[in-house]
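Remarks on the structure that follows.
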Amino acid sequence: MQTHLADFIKDTSAGREADAILRKCVHCGFCSATCPTYQLLGDELDGPRGRIYLIKQVLEGKTATAKTQLHLDRCLTCRACETTCPSGVQYGRLLDIGRELVHTQVRRGAIAGLARAALRAVIPHRARFTALLRMGQSLRWLLPPALKRKVPARAQSSVWPSSTHARTMLVLEGCVQPALSPNTNAAAARVLDRIGITLLRAPAADCCGAVSQHLDAPGEALDYMRRNIDAWWPFIEQGAEAIVITASGCATMVAEYGHLLAHDAAYADKAARVSTLMKDISEVIAAETPNLLKLLAHYALNPRSSILNPQSSKLAFHPPCSLQHGLKMQGSVETLLTDLGFKLTPVADSHLCCGSAGTYSILQPELSQRLLKNKIAALHAGEPTAIITANIGCQSHLQTATGLHVTHWIEALDARLA
Ligand code: SF4
Ligand code: SF4
């Protein structure tokens, strides 16, 4: 695609990056076929090719309007279009640049601005989010059914192992996961403990930065990244092999630290190292599959975990967009779980987003609910006994619309080893 970027941006790092991305796009439109919002709305401007065109216009000097912002806001950032694109267009990065630019030109209405500020003030802060969630949970019995579904019952966690091993890895605790699903990281710690790896927590690490990054606050996102790097660095210097992440949305963000902090002389090298060390939990488990298979052969099946027991259950796996399109790990967890003996049901259109997409379910509820309804129907079609996934956002969102238990797949593996 030919480009003529405007003077105000063409010689900046963002301008050069956007220009290189735009030049790769040949406008073929293949990406529209897998775009969830294009499928729902049928409008070119609600598909990747149309959004690329809108961003190009703004980069070339046309002033953005509220309509430009609306079409960019409706994008889920699911990046299914990247997986489909034959030219390797990095749509996600272009969208980040485009949204940041549009944000400087279009003032949001008071209510929309306040909603975004409130989300940024609560979600990335573990203590604030936990306090609010606990308040909602204590009043849950008073809520009408529609609202009750959105406030999950308080989840319990099994114990974190106390044994230590020579091999250590760090885990990102994250912002909302400890309150919503405290057993996920504990399950990861127990599984890794059984194969001789200690999973360490760095209490000062916080949100990965994705919430701010996707809510018009890239500077704030960079501050979260720097804070996490500072919290992890002493552990890295002491030999932690990897930074393990059990929420693929956060993993996608941490994978970008090196790129996003490349301009920061004080953090560039450390950020690049952190991104190299980042591993989705499935990558760690896949590397240990032979050890796990030996262990599994010796473990008696735990009748208490029958809902996740591979002998008696069929599980429907929902691959989060961040896992398959962000981390480019399409099919990897399915292969891993099948290798470990789990029975997975077939799920149609597994490349499509469930509608969670960070704060999308709050900011775009109508589109989000339509995607959720389609996703639940696809997941239920194989008559599973439970649903498993790999990202806390998807897990919580799916749980609002199904009577089946929804959990992270690592908990299913942990239950099998119990
Ligand atoms: S982003 Fe890729 S698939 Fe979409 S129009 Fe451009 S080149 Fe084609
Ligand atoms: S990121 Fe997802 S919703 Fe956005 S344009 Fe690409 S496929 Fe469509």
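The values are calculated or read from the model by the stated rules, or taken from the named source; none is laboratory data. Just so we're clear, the structure is a prediction, and the values are computed from it rather than from any experiment. Don't worry about glycine lacking a Cβ; one is built from the backbone with ideal geometry, like all the others, and counts go over all protein chains shown. Accessible surface areas use protein heavy atoms only, side chains included; no ligands, DNA or RNA. Shrake-Rupley method; radii C 1.70, N 1.55, O 1.52, S 1.80 Å.
Can we say Cys35 is within 13 Å of ligand 2 (Cβ to nearest atom) and touching a His at 6+ places or on another chain (Cβ under 9 Å)?
Working: within 13 Å of ligand 2 (Cβ to nearest atom): yes; touching a His at 6+ places or on another chain (Cβ under 9 Å): no.
Against the criterion (within 13 Å of ligand 2 (Cβ to nearest atom) and touching a His at 6+ places or on another chain (Cβ under 9 Å)), Cys35 does not qualify.
Pairs please, first residue from the range 9-26 and within 16 Å of ligand 2 (Cβ to nearest atom), second anywhere and hydroxyl-bearing (Ser, Thr, Tyr) and at pLDDT below 95, Cβ atoms under 8 Å, 6+ apart in sequence or on different chains.
Leu22/Thr3
Checking Phe342 against (1) in a loop (DSSP other than H, G, I, E, B); (2) surrounded by 16 or more Cβ atoms within 10 Å (Cβ to Cβ); (3) free of Cβ contacts under 8 Å to residues at least 40 places away in the same chain, only one condition comes out false. Which one?
Unmet for Phe342, out of (1) in a loop (DSSP other than H, G, I, E, B); (2) surrounded by 16 or more Cβ atoms within 10 Å (Cβ to Cβ); (3) free of Cβ contacts under 8 Å to residues at least 40 places away in the same chain: (3).
For the range 314-333, name all the residues that are crowded, with 18+ Cβ neighbours inside 10 Å and more than 13 Å from ligand 2 (Cβ to nearest atom).
Correct list: Leu315, Ala316, Phe317, His318, Pro319, Leu323, Leu327, Met329, Ser332, Val333.
Just name the residue that is farthest from Trp233 (Cα to Cα) out of those in the range 164-199 that are open to solvent by 40 Å² or more (accessible area, probe 1.4 Å) and of a type in the set (Lys, Arg).
Arg194
Matching residues to (1) farther than 23 Å from Leu261 by Cα; (2) not in a helix (DSSP H, G or I):
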{"residue": "Arg16", "(1), (2)": "no, no"}
{"residue": "Ile21", "(1), (2)": "no, no"}
{"residue": "Cys28", "(1), (2)": "yes, yes"}
{"residue": "Ser32", "(1), (2)": "yes, no"}
{"residue": "Tyr38", "(1), (2)": "yes, no"}
{"residue": "Arg49", "(1), (2)": "yes, no"}
{"residue": "Val58", "(1), (2)": "yes, no"}
{"residue": "Lys62", "(1), (2)": "yes, yes"}
{"residue": "Gln69", "(1), (2)": "yes, no"}
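Consider the range 81-100. How many of its residues are over 15 Å from Thr37 (Cβ atoms) and within 11 Å of ligand 1 (Cβ to nearest atom)?
Residues flagged as over 15 Å from Thr37 (Cβ atoms) and within 11 Å of ligand 1 (Cβ to nearest atom) within the range 81-100 amount to 8.
Condition check: part of a loop (DSSP other than H, G, I, E, B), open to solvent by 50 Å² or more (accessible area, probe 1.4 Å) and away from ligand 1 (no atom under 15 Å from the Cβ). Does Arg107 satisfy that? Outline the logic, then answer.
On the way: part of a loop (DSSP other than H, G, I, E, B): yes; open to solvent by 50 Å² or more (accessible area, probe 1.4 Å): yes; away from ligand 1 (no atom under 15 Å from the Cβ): yes.
Taking the combined requirement at face value, the residue satisfies it.
What residue, of Pro152, Pro161, is in a loop (DSSP other than H, G, I, E, B), touching a residue at least 40 places away in the same chain (Cβ under 8 Å), open to solvent by 30 Å² or more (accessible area, probe 1.4 Å) and out of contact with any strand residue (DSSP E or B) (no Cβ under 6 Å at 6 or more places or on another chain)? Before the answer, list the steps.
Working: Pro161 fails: touching a residue at least 40 places away in the same chain (Cβ under 8 Å).
Pro152 is the lone residue from the list that is in a loop (DSSP other than H, G, I, E, B), touching a residue at least 40 places away in the same chain (Cβ under 8 Å), open to solvent by 30 Å² or more (accessible area, probe 1.4 Å) and out of contact with any strand residue (DSSP E or B) (no Cβ under 6 Å at 6 or more places or on another chain).
Here is a check on your reading of the model: is Thr63 hydroxyl-bearing (Ser, Thr, Tyr), away from ligand 1 (no atom under 16 Å from the Cβ) and out of contact with any His (no Cβ under 7 Å at 6 or more places or on another chain)?
Values: hydroxyl-bearing (Ser, Thr, Tyr): yes; away from ligand 1 (no atom under 16 Å from the Cβ): yes; out of contact with any His (no Cβ under 7 Å at 6 or more places or on another chain): yes.
Yes, satisfied.
Here's the yes/no breakdown for (1) part of a strand (DSSP E or B); (2) in contact (Cβ under 8 Å) with a residue 60 or more places away in the chain; (3) farther than 23 Å from Pro144 by Cα:
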residue	(1), (2), (3)
Leu336	no, no, yes
Ala348	no, no, yes
Ala357	no, yes, yes
Ile376	no, no, no
Ile387	yes, yes, yes
Gln395	no, yes, no
Ile410	no, yes, yes
Arg416	no, yes, yes
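Can you tell me which residues in the range 211-225 are farther than 13 Å from Asp264 by Cβ and open to solvent by less than 20 Å² (accessible area, probe 1.4 Å)? Spell out how you get there, then give the answer.
Pass one, the range 211-225, residues farther than 13 Å from Asp264 by Cβ: 211-217, 220, 224.
Matches in the range 211-225: Ser212, Leu215, Ala217, Tyr224.
Quick check on the range 14-55: of everything there that is open to solvent by 70 Å² or more (accessible area, probe 1.4 Å) and more than 13 Å from ligand 1 (Cβ to nearest atom), which residue is nearest to Glu366 (Cα to Cα)?
Gln39
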